[in-house]
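Engineer: Please see the structure below; I have some questions.
The values are calculated or read from the model by the stated rules, or taken from the named source; none is laboratory data. Here the structure is a predicted model, which means the values were calculated and not measured. For neighbour counting, all protein chains shown are included, and Cβ atoms are generated from backbone atoms with ideal geometry for every residue, glycine included. For the accessible areas, the whole protein counts, side chains as well, though only heavy atoms, and no ligand, DNA or RNA atoms are used. Shrake-Rupley method; radii C 1.70, N 1.55, O 1.52, S 1.80 Å.
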Amino acid sequence: MYRGILDLHSYWAFAVLVLLLLAAANAFLGLSAKRAFLSKDRQIALIALIFTHLQFVFGLILLFVSPYMETAKQLGMGGVMKNAELRKMVVEHPTINLIAIILITVGWSSHKRAADSSVKFKKIGIFYIIGLILLLSRIPWSQWLS
């Protein structure tokens, strides 16, 4: 079960990163072109949001079935915080990614309240790109690309 969820979480991450980049680029292009916020713009941002939320659910499932969690239970929080790899996988990765997803969700929610197209594009563009940067900062690159 662990290997299957790990593979799903790893491959789904590619789609999430591409969709977030696409949504942010679309928002900044729409803003710079000063065009109206259209249904397709909403759909691009919504698909990125949904994929991001699903990725977090996969990650939570993975966290609780992972051998890292078993090791963390044995060592306790003090031991986890002393081990850089374990700390990254059990504490930093989930926490920073949760913050990123909250920011992406705030961008989505706040764009809905805006009346002006330029404000909608700004909200999505800024919050999605900050979320993307945070996600990229906590990816365990050595494990992910191996």
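Engineer: Given springs between every Cα pair under 10 Å in a Gaussian network model of the chain, which of ILE47, ILE104, ILE129 has the largest fluctuation?
Structural biologist: Residue with maximal mean-square fluctuation among ILE47, ILE104, ILE129: ILE47.
Engineer: If I take all pairs of Cα atoms in the range 74-146, what percentage of them are more than 19 Å from each other? Don't skip to the answer; put the middle values down first.
Structural biologist: Numbers: 1289 of 2628 pairs.
More than 19 Å apart: 49 percent of the Cα pairs in the range 74-146.
Engineer: Among the lysines, select those whose C-alpha is under 20 Å from the C-alpha of LYS40, and discard any that sit fewer than 8 residues away in the same chain.
Structural biologist: LYS112, LYS120, LYS122, LYS123
Engineer: With each label point set 7 Å from Cα along the Cα-Cβ vector, what nm distance links ALA115 and GLN143?
Structural biologist: Distance between the two pseudo-spin positions: 4.9 nm.
Engineer: What percentage of the solvent-accessible surface of the chain, computed with a 1.4 Å probe over protein heavy atoms, is contributed by carbon and sulfur atoms?
Structural biologist: Solvent-exposed carbon and sulfur of the chain make up 71 percent of the total.
Engineer: What percent does the relative contact order of the chain come to when contacts are Cα pairs within less than 8 Å and at least six residues apart? List each step's numbers first, then the result.
Structural biologist: Numbers: 148 pairs, mean separation 48.8, N = 146.
It rounds to 33 percent for the chain.
Engineer: Only Cα pairs within less than 10 Å get springs; with that Gaussian network setup on the chain, which residue of SER110, SER32, SER118 has the largest fluctuation?
Structural biologist: Its mean-square fluctuation being the largest, the pick is SER32.
Engineer: With every protein chain present, what is the per residue accessible area of the range 11-116 (1.4 Å probe, Å²)? Intermediate values should be presented prior to the final figure.
Structural biologist: On the way: 5890 Å² over 106 residues.
Ligands and nucleic acids excluded, the result is 56 Å² per residue.
Engineer: Work out, step by step, the length gained on full extension between LEU6 and THR71: first 0.36 nm times the residue separation, then minus their alpha carbon distance; give nm to one decimal.
Structural biologist: Separation in residues times 0.36 nm, less the Cα-Cα distance, equals 21.7 nm.
Engineer: I've got another one for you. Mind pulling the angle between the C-alpha long axis of helix 39-65 and the longest principal axis of the chain? Nearest 10 degrees, somewhere in 0 to 90.
Structural biologist: In the chain, helix 39-65 runs at an angle near 10 degrees to the longest axis.
Engineer: In degrees, nearest 10, range 0 to 90: what is the angle between the Cα axis of helix 67-82 and the longest Cα principal axis of the chain?
Structural biologist: Long axis of 67-82 versus the principal axis of the chain: about 90 degrees.
Engineer: Also, I was wondering about something else. Take the Cα radius of gyration of the range 23-146 and divide it by 2.2 N^0.38 Å, with N its residue count; two decimals is plenty.
Structural biologist: The reported ratio for this selection is 1.28.
Engineer: A further question follows. Using 0.36 nm per residue of separation minus the Cα-Cα distance, give me the extension gain between ILE99 and ALA36 in nm, one decimal.
Structural biologist: 19.7 nm
Engineer: Taking only Cα atoms and a 10 Å spring cutoff, compute GNM fluctuations for the chain and point out the largest among ASN26, ASN97, ASN83.
Structural biologist: ASN83
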